[in-house]
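Chemist: Following this message is one structure expressed as C-alpha coordinates.
The values are calculated or read from the model by the stated rules, or taken from the named source; none is laboratory data. Only a predicted model underlies this, so the values are computations on that prediction, with no experimental measurement involved. Cβ: placed from backbone, ideal geometry, glycine included. Neighbour counts: every protein chain shown. Note: areas computed on protein heavy atoms with side chains; ligands, DNA, RNA excluded. Shrake-Rupley method; radii C 1.70, N 1.55, O 1.52, S 1.80 Å.
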Amino acid sequence: MQDNALELFEVFIRSKRGLDHKHVGSLHSEDHAQALEYARDVYTRRSEGVSIWVVKSADICASQEDDAENFFDPNDDKPYRHATYYDLPDAVNNM
Amino acid sequence: MSSEQNISLQEQQFMHKIKAEEKIEPKDWMPEKYRKNLIRQISQHAHSEVIGMQPEGNFLTRAPSLRRKAILLSKIQDEAGHGLYLYSAAETLGITREEMIEALQSGQAKYASIFNYPALTWGDMGAIGWLVDGAAIVNQVSLQRTSYGPYSRGMIRICKEESFHQRQGYDIMLSLVNGTPAQKAMAQDSLNRFYWPALMMFGPHDSESAHSAKSMEWKIKRETNDDLRQKFIDQTASQIEFLGLEHPDKELKWNEERGHYDSGEIDWEEFHNVIAGNGHCNRQRLEHHIKAHEEGAWVREALAAYNAKKQANKAEAA
Ligand SMILES: [Fe+2]
Ligand SMILES: [Fe+2]
Ligand SMILES: [Fe+2]
(Lines give C-alpha, C1' and ligand atoms only; values in the text may rest on other atoms or scores of the structure.)
(Ligands and ions follow the chains in the order given, each with its own letter.)
Protein backbone atom coordinates (compact mmCIF):
# COMPACT_ATOMS: atom_id res chain seq x y z
CA MET A 1 0.00 0.00 0.00
CA GLN A 2 1.23 3.46 -0.90
CA ASP A 3 0.53 4.74 2.62
CA ASN A 4 3.43 2.74 4.02
CA ALA A 5 5.88 4.87 2.13
CA LEU A 6 4.81 8.01 3.98
CA GLU A 7 6.91 9.11 6.90
CA LEU A 8 5.65 9.37 10.47
CA PHE A 9 5.56 12.81 12.12
CA GLU A 10 4.92 13.78 15.72
CA VAL A 11 2.67 16.78 16.27
CA PHE A 12 3.06 19.39 19.01
CA ILE A 13 0.54 22.16 19.62
CA ARG A 14 0.75 25.40 21.55
CA SER A 15 -2.77 25.97 22.78
CA LYS A 16 -2.16 29.54 23.83
CA ARG A 17 0.64 32.07 23.49
CA GLY A 18 2.98 31.79 26.43
CA LEU A 19 2.45 28.05 26.95
CA ASP A 20 4.77 25.24 25.88
CA HIS A 21 4.06 23.17 22.78
CA LYS A 22 2.57 19.88 23.90
CA HIS A 23 2.59 16.54 22.16
CA VAL A 24 -0.85 15.69 20.84
CA GLY A 25 -0.29 12.75 18.49
CA SER A 26 1.21 11.76 15.17
CA LEU A 27 0.38 11.40 11.48
CA HIS A 28 1.82 10.23 8.16
CA SER A 29 2.91 12.72 5.57
CA GLU A 30 5.08 13.27 2.52
CA ASP A 31 7.10 16.14 4.00
CA HIS A 32 7.15 18.81 6.70
CA ALA A 33 4.94 21.29 4.88
CA GLN A 34 2.26 18.71 4.26
CA ALA A 35 2.54 17.45 7.82
CA LEU A 36 1.76 20.94 9.07
CA GLU A 37 -1.37 21.13 6.96
CA TYR A 38 -2.51 17.67 7.97
CA ALA A 39 -1.88 18.50 11.61
CA ARG A 40 -3.98 21.63 11.25
CA ASP A 41 -6.77 19.59 9.66
CA VAL A 42 -6.83 16.73 12.13
CA TYR A 43 -5.66 18.24 15.42
CA THR A 44 -6.92 21.83 15.44
CA ARG A 45 -10.42 21.69 14.01
CA ARG A 46 -11.79 23.40 17.11
CA SER A 47 -9.21 26.14 17.66
CA GLU A 48 -7.07 23.90 19.82
CA GLY A 49 -3.97 25.85 19.01
CA VAL A 50 -2.16 28.97 17.88
CA SER A 51 1.02 27.23 16.74
CA ILE A 52 2.00 23.77 15.51
CA TRP A 53 5.35 21.99 15.44
CA VAL A 54 5.88 18.84 13.43
CA VAL A 55 8.95 16.66 13.94
CA LYS A 56 9.90 13.48 12.10
CA SER A 57 9.36 10.64 14.56
CA ALA A 58 12.65 9.12 13.43
CA ASP A 59 14.42 12.29 14.63
CA ILE A 60 13.22 11.83 18.18
CA CYS A 61 15.65 10.15 20.52
CA ALA A 62 13.81 8.87 23.57
CA SER A 63 14.90 7.37 26.87
CA GLN A 64 13.75 3.78 27.42
CA GLU A 65 10.94 3.24 29.91
CA ASP A 66 12.31 -0.23 30.71
CA ASP A 67 15.51 1.38 31.73
CA ALA A 68 13.88 4.15 33.75
CA GLU A 69 14.97 2.79 37.08
CA ASN A 70 18.66 2.93 36.25
CA PHE A 71 18.37 6.05 34.16
CA PHE A 72 16.73 8.23 36.79
CA ASP A 73 18.19 6.49 39.80
CA PRO A 74 20.92 9.06 40.55
CA ASN A 75 18.22 11.61 41.40
CA ASP A 76 16.04 9.44 43.59
CA ASP A 77 18.04 9.59 46.79
CA LYS A 78 18.40 13.36 47.02
CA PRO A 79 15.44 14.53 49.09
CA TYR A 80 17.37 17.68 50.03
CA ARG A 81 16.67 19.02 46.54
CA HIS A 82 13.09 19.63 47.63
CA ALA A 83 12.02 22.72 49.52
CA THR A 84 9.95 20.60 51.90
CA TYR A 85 13.09 18.86 53.16
CA TYR A 86 13.87 21.95 55.27
CA ASP A 87 11.69 22.10 58.33
CA LEU A 88 11.46 25.79 59.10
CA PRO A 89 9.50 27.20 62.03
CA ASP A 90 6.09 28.65 61.16
CA ALA A 91 7.24 32.24 61.63
CA VAL A 92 9.58 32.03 58.63
CA ASN A 93 8.08 29.13 56.73
CA ASN A 94 6.77 31.24 53.84
CA MET A 95 10.05 31.29 51.92
CA MET B 1 2.47 50.63 1.28
CA SER B 2 5.97 51.89 2.10
CA SER B 3 8.16 49.72 4.29
CA GLU B 4 8.07 52.39 6.99
CA GLN B 5 4.30 52.21 7.27
CA ASN B 6 4.60 48.48 7.15
CA ILE B 7 6.87 48.40 10.15
CA SER B 8 4.70 50.73 12.14
CA LEU B 9 1.74 48.48 11.46
CA GLN B 10 3.78 45.53 12.74
CA GLU B 11 4.76 47.58 15.73
CA GLN B 12 1.14 48.38 16.41
CA GLN B 13 0.26 44.71 16.34
CA PHE B 14 3.18 43.99 18.61
CA MET B 15 2.09 46.61 21.13
CA HIS B 16 -1.43 45.30 20.91
CA LYS B 17 -0.24 41.86 22.02
CA ILE B 18 1.81 43.37 24.84
CA LYS B 19 -1.16 45.37 26.09
CA ALA B 20 -3.42 42.33 25.93
CA GLU B 21 -0.95 40.42 28.17
CA GLU B 22 -0.16 38.03 25.34
CA LYS B 23 3.32 36.57 25.18
CA ILE B 24 5.70 37.31 22.33
CA GLU B 25 7.08 34.10 20.84
CA PRO B 26 10.39 33.62 18.99
CA LYS B 27 9.03 33.75 15.45
CA ASP B 28 6.84 36.81 16.04
CA TRP B 29 7.87 40.15 14.66
CA MET B 30 9.38 42.34 17.37
CA PRO B 31 11.07 45.75 17.44
CA GLU B 32 14.85 45.50 17.14
CA LYS B 33 15.28 47.31 20.44
CA TYR B 34 12.99 44.87 22.21
CA ARG B 35 15.13 42.03 20.91
CA LYS B 36 18.38 43.75 21.93
CA ASN B 37 17.03 44.70 25.33
CA LEU B 38 15.97 41.10 25.96
CA ILE B 39 19.27 39.66 24.80
CA ARG B 40 21.08 42.01 27.18
CA GLN B 41 18.86 41.16 30.15
CA ILE B 42 18.56 37.39 29.61
CA SER B 43 22.25 36.86 28.85
CA GLN B 44 23.20 38.98 31.86
CA HIS B 45 20.91 36.81 33.94
CA ALA B 46 22.47 33.64 32.47
CA HIS B 47 26.00 34.90 33.18
CA SER B 48 24.96 35.59 36.78
CA GLU B 49 23.78 32.02 37.30
CA VAL B 50 27.05 30.67 35.96
CA ILE B 51 29.45 33.08 37.68
CA GLY B 52 27.38 32.66 40.84
CA MET B 53 28.61 29.09 41.12
CA GLN B 54 32.12 30.30 41.96
CA PRO B 55 31.76 31.69 45.50
CA GLU B 56 29.81 28.60 46.56
CA GLY B 57 31.94 26.13 44.63
CA ASN B 58 34.83 27.48 46.61
CA PHE B 59 33.31 25.98 49.78
CA LEU B 60 32.48 22.50 48.53
CA THR B 61 35.62 20.98 50.01
CA ARG B 62 35.12 22.87 53.27
CA ALA B 63 31.47 22.09 54.04
CA PRO B 64 31.16 21.11 57.70
CA SER B 65 29.45 17.75 57.02
CA LEU B 66 28.75 15.34 54.20
CA ARG B 67 25.08 16.33 54.35
CA ARG B 68 25.84 20.04 53.93
CA LYS B 69 28.26 19.22 51.15
CA ALA B 70 25.68 17.19 49.21
CA ILE B 71 23.14 19.99 49.61
CA LEU B 72 25.57 22.66 48.46
CA LEU B 73 26.61 20.56 45.48
CA SER B 74 22.96 20.13 44.50
CA LYS B 75 22.33 23.84 44.71
CA ILE B 76 25.33 24.63 42.54
CA GLN B 77 24.18 22.04 39.98
CA ASP B 78 20.83 23.82 39.87
CA GLU B 79 22.56 27.13 39.11
CA ALA B 80 24.38 25.54 36.17
CA GLY B 81 20.99 24.34 34.94
CA HIS B 82 19.54 27.84 35.34
CA GLY B 83 22.37 29.19 33.23
CA LEU B 84 21.49 26.66 30.54
CA TYR B 85 17.74 27.48 30.57
CA LEU B 86 18.54 31.17 30.21
CA TYR B 87 21.21 30.87 27.51
CA SER B 88 18.77 28.74 25.53
CA ALA B 89 16.03 31.35 25.93
CA ALA B 90 18.43 34.05 24.71
CA GLU B 91 19.44 31.89 21.74
CA THR B 92 15.83 31.95 20.48
CA LEU B 93 16.44 35.66 19.85
CA GLY B 94 19.13 34.98 17.27
CA ILE B 95 22.35 35.27 19.29
CA THR B 96 24.73 32.32 19.63
CA ARG B 97 26.07 30.82 22.84
CA GLU B 98 29.61 31.61 21.65
CA GLU B 99 28.79 35.28 21.16
CA MET B 100 27.37 35.52 24.67
CA ILE B 101 30.35 33.77 26.29
CA GLU B 102 32.68 36.02 24.32
CA ALA B 103 30.81 39.12 25.57
CA LEU B 104 31.08 37.87 29.14
CA GLN B 105 34.77 37.06 28.94
CA SER B 106 35.68 40.34 27.24
CA GLY B 107 33.89 42.25 29.97
CA GLN B 108 31.37 43.69 27.53
CA ALA B 109 28.45 41.88 29.16
CA LYS B 110 27.69 42.20 32.86
CA TYR B 111 26.61 39.77 35.54
CA ALA B 112 25.15 40.43 38.98
CA SER B 113 27.79 42.34 40.94
CA ILE B 114 26.91 40.46 44.12
CA PHE B 115 29.21 37.69 42.91
CA ASN B 116 32.18 40.05 43.01
CA TYR B 117 32.03 39.94 46.79
CA PRO B 118 34.19 37.23 48.33
CA ALA B 119 32.72 34.31 50.31
CA LEU B 120 34.93 34.18 53.39
CA THR B 121 33.28 31.83 55.88
CA TRP B 122 30.78 28.99 56.06
CA GLY B 123 28.31 31.56 57.36
CA ASP B 124 28.49 33.16 53.92
CA MET B 125 27.00 29.98 52.42
CA GLY B 126 24.04 30.59 54.70
CA ALA B 127 23.80 34.29 53.91
CA ILE B 128 24.15 33.73 50.16
CA GLY B 129 21.39 31.13 49.95
CA TRP B 130 19.09 33.07 52.22
CA LEU B 131 19.72 36.65 51.03
CA VAL B 132 21.23 36.44 47.54
CA ASP B 133 18.95 33.68 46.28
CA GLY B 134 16.15 35.31 48.28
CA ALA B 135 16.61 38.60 46.43
CA ALA B 136 16.92 36.74 43.13
CA ILE B 137 13.63 34.95 43.84
CA VAL B 138 11.76 38.22 44.44
CA ASN B 139 12.98 39.38 41.06
CA GLN B 140 12.38 36.08 39.30
CA VAL B 141 8.86 35.62 40.63
CA SER B 142 8.02 38.95 39.06
CA LEU B 143 9.71 37.93 35.80
CA GLN B 144 7.48 34.87 35.45
CA ARG B 145 5.07 37.41 33.92
CA THR B 146 7.61 38.88 31.50
CA SER B 147 6.29 39.39 27.95
CA TYR B 148 8.75 37.13 26.14
CA GLY B 149 7.45 33.54 26.15
CA PRO B 150 10.71 31.56 26.40
CA TYR B 151 12.03 33.86 29.17
CA SER B 152 8.78 33.59 31.09
CA ARG B 153 8.73 29.79 30.86
CA GLY B 154 12.37 29.66 31.93
CA MET B 155 11.55 31.78 34.98
CA ILE B 156 8.65 29.53 35.96
CA ARG B 157 10.94 26.51 35.83
CA ILE B 158 13.68 28.30 37.78
CA CYS B 159 11.35 29.60 40.49
CA LYS B 160 10.21 26.05 41.23
CA GLU B 161 13.81 25.13 41.99
CA GLU B 162 14.86 28.25 43.87
CA SER B 163 12.83 27.79 47.01
CA PHE B 164 15.16 25.03 48.17
CA HIS B 165 18.14 27.35 47.69
CA GLN B 166 16.82 29.97 50.02
CA ARG B 167 15.63 27.49 52.61
CA GLN B 168 18.93 25.61 52.79
CA GLY B 169 20.67 28.97 53.32
CA TYR B 170 18.33 29.97 56.12
CA ASP B 171 18.72 26.50 57.60
CA ILE B 172 22.49 27.05 57.79
CA MET B 173 21.88 30.39 59.53
CA LEU B 174 19.51 28.75 62.01
CA SER B 175 22.13 26.15 62.93
CA LEU B 176 24.77 28.82 63.42
CA VAL B 177 22.66 31.10 65.62
CA ASN B 178 21.73 28.13 67.79
CA GLY B 179 25.37 27.06 68.10
CA THR B 180 28.30 28.45 70.06
CA PRO B 181 28.79 32.20 70.54
CA ALA B 182 31.51 32.07 67.90
CA GLN B 183 29.12 30.44 65.44
CA LYS B 184 26.46 33.03 66.15
CA ALA B 185 29.04 35.78 65.62
CA MET B 186 29.91 34.19 62.29
CA ALA B 187 26.25 34.34 61.24
CA GLN B 188 26.05 38.00 62.25
CA ASP B 189 29.20 38.82 60.31
CA SER B 190 27.87 37.12 57.16
CA LEU B 191 24.56 38.94 57.47
CA ASN B 192 26.38 42.26 57.89
CA ARG B 193 28.48 41.73 54.78
CA PHE B 194 25.74 40.39 52.49
CA TYR B 195 22.69 42.44 53.47
CA TRP B 196 23.57 45.64 51.62
CA PRO B 197 24.98 43.98 48.49
CA ALA B 198 21.75 41.92 48.35
CA LEU B 199 19.73 45.17 48.33
CA MET B 200 21.95 46.42 45.51
CA MET B 201 20.96 43.41 43.40
CA PHE B 202 17.72 45.21 42.53
CA GLY B 203 19.72 47.86 40.70
CA PRO B 204 19.69 51.65 40.91
CA HIS B 205 16.70 53.67 42.10
CA ASP B 206 13.93 53.91 39.51
CA SER B 207 14.81 57.56 38.94
CA GLU B 208 18.35 56.55 37.94
CA SER B 209 17.67 53.37 36.02
CA ALA B 210 18.72 53.62 32.38
CA HIS B 211 16.72 50.72 30.97
CA SER B 212 13.66 50.75 33.19
CA ALA B 213 11.07 52.87 31.39
CA LYS B 214 11.15 51.04 28.07
CA SER B 215 11.44 47.65 29.77
CA MET B 216 8.31 48.38 31.78
CA GLU B 217 6.40 49.60 28.71
CA TRP B 218 7.33 46.42 26.85
CA LYS B 219 6.60 44.38 29.97
CA ILE B 220 10.04 42.81 29.93
CA LYS B 221 10.15 43.99 33.53
CA ARG B 222 6.90 43.92 35.47
CA GLU B 223 7.81 45.75 38.66
CA THR B 224 10.29 48.54 39.26
CA ASN B 225 13.64 48.13 41.02
CA ASP B 226 12.48 50.06 44.07
CA ASP B 227 9.20 48.16 44.43
CA LEU B 228 10.97 44.81 44.26
CA ARG B 229 13.62 45.98 46.71
CA GLN B 230 10.91 47.10 49.13
CA LYS B 231 9.34 43.64 49.00
CA PHE B 232 12.65 42.08 49.88
CA ILE B 233 13.33 44.52 52.73
CA ASP B 234 9.88 43.84 54.17
CA GLN B 235 10.09 40.06 54.07
CA THR B 236 13.68 39.93 55.34
CA ALA B 237 13.09 42.06 58.44
CA SER B 238 11.14 39.39 60.31
CA GLN B 239 13.52 36.65 59.16
CA ILE B 240 16.45 38.54 60.72
CA GLU B 241 14.46 39.08 63.89
CA PHE B 242 13.63 35.39 64.12
CA LEU B 243 17.33 34.50 63.96
CA GLY B 244 17.92 36.84 66.87
CA LEU B 245 20.51 38.75 64.89
CA GLU B 246 21.04 42.48 64.80
CA HIS B 247 19.64 44.19 61.71
CA PRO B 248 22.45 45.72 59.64
CA ASP B 249 20.27 48.71 58.76
CA LYS B 250 20.12 50.92 61.83
CA GLU B 251 17.55 53.19 60.19
CA LEU B 252 15.07 50.40 59.49
CA LYS B 253 11.68 51.38 60.88
CA TRP B 254 8.14 50.16 60.30
CA ASN B 255 6.03 52.82 58.61
CA GLU B 256 2.42 52.23 59.57
CA GLU B 257 1.08 54.64 57.00
CA ARG B 258 2.91 53.09 54.04
CA GLY B 259 2.54 49.55 55.33
CA HIS B 260 6.24 49.06 54.59
CA TYR B 261 9.58 49.42 56.30
CA ASP B 262 11.49 52.66 55.82
CA SER B 263 15.16 51.98 55.38
CA GLY B 264 18.59 53.59 55.26
CA GLU B 265 20.29 54.60 52.02
CA ILE B 266 22.45 52.19 50.06
CA ASP B 267 26.11 53.11 49.51
CA TRP B 268 25.74 53.85 45.81
CA GLU B 269 29.38 54.71 45.41
CA GLU B 270 30.26 51.16 46.35
CA PHE B 271 27.57 49.90 43.94
CA HIS B 272 29.00 51.84 40.99
CA ASN B 273 32.53 50.88 41.92
CA VAL B 274 31.76 47.17 41.84
CA ILE B 275 29.86 47.51 38.56
CA ALA B 276 32.81 49.39 37.09
CA GLY B 277 34.96 46.34 37.79
CA ASN B 278 36.60 47.38 41.04
CA GLY B 279 34.92 44.88 43.34
CA HIS B 280 36.99 42.44 45.36
CA CYS B 281 36.69 39.57 42.92
CA ASN B 282 35.83 40.96 39.46
CA ARG B 283 39.13 39.95 37.90
CA GLN B 284 39.30 36.61 39.66
CA ARG B 285 35.77 35.62 38.58
CA LEU B 286 36.42 36.29 34.89
CA GLU B 287 39.89 34.76 34.95
CA HIS B 288 38.45 31.62 36.48
CA HIS B 289 35.68 31.46 33.88
CA ILE B 290 38.18 31.83 31.04
CA LYS B 291 40.48 29.22 32.56
CA ALA B 292 37.65 26.70 32.98
CA HIS B 293 36.50 27.41 29.43
CA GLU B 294 39.98 26.91 27.98
CA GLU B 295 40.70 23.83 30.03
CA GLY B 296 37.44 22.34 28.78
CA ALA B 297 38.45 22.80 25.15
CA TRP B 298 39.65 19.19 24.85
CA VAL B 299 36.14 17.95 25.67
CA ARG B 300 34.63 19.99 22.87
CA GLU B 301 37.37 18.84 20.51
CA ALA B 302 36.87 15.20 21.48
CA LEU B 303 33.13 15.50 20.82
CA ALA B 304 33.76 16.98 17.40
CA ALA B 305 36.31 14.28 16.55
CA TYR B 306 33.94 11.53 17.67
CA ASN B 307 31.18 13.03 15.57
CA ALA B 308 33.41 13.25 12.49
CA LYS B 309 34.43 9.63 12.95
CA LYS B 310 30.82 8.49 13.21
CA GLN B 311 29.91 10.41 10.03
CA ALA B 312 32.84 8.85 8.21
CA ASN B 313 31.80 5.35 9.32
CA LYS B 314 28.27 6.00 8.18
CA ALA B 315 29.45 7.25 4.79
CA GLU B 316 31.61 4.16 4.40
CA ALA B 317 28.75 1.83 5.28
CA ALA B 318 26.40 3.52 2.84
FE1 LIG C 1 19.50 30.25 40.03
FE1 LIG D 1 19.55 29.84 43.27
FE1 LIG E 1 19.04 33.33 39.60
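Chemist: Return the total of residues in the stretch B:156-191 being more than 12 Å from every other protein chain (Cβ to nearest Cβ) and within 16 Å of ligand 3 (Cβ to nearest atom).
Modeler: Final tally of qualifying residues: 1.
Chemist: Taking helices (runs of 4 or more DSSP H) that do not extend beyond the stretch B:62-164, which have at least 3 residues that are under 30 Å from A:D20 (Cα atoms) and within 12 Å of ligand 1 (Cβ to nearest atom)?
Modeler: Values: elements: B:66-91, B:97-105, B:122-127, B:133-143.
Ranges flagged: B:66-91, B:133-143.
Chemist: Moving on. What do you reckon, is B:E301 outside any helix (DSSP H, G or I) and open to solvent by 100 Å² or more (accessible area, probe 1.4 Å)? So that I can check it myself, show each step before the final result.
Modeler: On the way: outside any helix (DSSP H, G or I): no; open to solvent by 100 Å² or more (accessible area, probe 1.4 Å): yes.
No; evaluated as a whole, the condition is false for this residue.
Chemist: Can you name every residue in the stretch B:74-104 that is over 26 Å from B:G129 (Cβ atoms), small (G, A, S) and open to solvent by less than 20 Å² (accessible area, probe 1.4 Å)?
Modeler: Narrowing the stretch B:74-104 to residues over 26 Å from B:G129 (Cβ atoms): B:91-103.
Of the ones still in play, those that are also small (G, A, S) are B:94, B:103.
B:A103, the sole residue that qualifies.
Chemist: Residue under question is A:V55, and the condition is that it be in contact with a helix residue (DSSP H, G or I) (Cβ under 6 Å, 6 or more places away or on another chain), touching a residue at least 24 places away in the same chain (Cβ under 8 Å) and either assigned to a strand (DSSP E or B) or within 14 Å of chain B (Cβ to nearest Cβ) (or both); does it hold? Don't jump to the end; show me each part of the working.
Modeler: Working: in contact with a helix residue (DSSP H, G or I) (Cβ under 6 Å, 6 or more places away or on another chain): no; touching a residue at least 24 places away in the same chain (Cβ under 8 Å): yes; either assigned to a strand (DSSP E or B) or within 14 Å of chain B (Cβ to nearest Cβ) (or both): yes.
Against the criterion (in contact with a helix residue (DSSP H, G or I) (Cβ under 6 Å, 6 or more places away or on another chain), touching a residue at least 24 places away in the same chain (Cβ under 8 Å) and either assigned to a strand (DSSP E or B) or within 14 Å of chain B (Cβ to nearest Cβ) (or both)), A:V55 does not qualify.
Chemist: Moving on to the next point. When only residues in the stretch B:189-236 that are among the small types (G, A, S) and surrounded by 17 or more Cβ atoms within 10 Å (Cβ to Cβ) count, which is nearest to A:L88 (Cα to Cα)?
Modeler: Restricting attention to the stretch B:189-236, the residues satisfying the condition of being among the small types (G, A, S) are B:190, B:198, B:203, B:207, B:209-210, B:212-213, B:215.
If we keep only those that are surrounded by 17 or more Cβ atoms within 10 Å (Cβ to Cβ) as well, we get B:190, B:198, B:203, B:209, B:212, B:215.
Details: B:S190: 20, B:A198: 22, B:G203: 30, B:S209: 36, B:S212: 36, B:S215: 37 Å.
By that ranking, first place goes to B:S190.
Chemist: Under 7 Å between Cβ atoms, which residue pairs at least 6 apart in sequence (or on different chains) link something in the stretch B:157-183 that is touching a residue at least 40 places away in the same chain (Cβ under 8 Å) and more than 10 Å from ligand 2 (Cβ to nearest atom) with a partner that is open to solvent by 20 Å² or more (accessible area, probe 1.4 Å) and in a helix (DSSP H, G or I)?
Modeler: Sorted first by the residue in the stretch B:157-183, then by its partner, the pairs are B:R157/B:Y85; B:L176/B:Q183; B:L176/B:K184; B:L176/B:M186; B:V177/B:K184.
Chemist: I'm checking my understanding of the structure. Among residues of the stretch B:33-73 that are more than 23 Å from B:G107 (Cβ to Cβ) and β-branched (V, I, T), which one is surrounded by the fewest Cβ atoms within 10 Å (Cβ to Cβ)?
Modeler: B:T61
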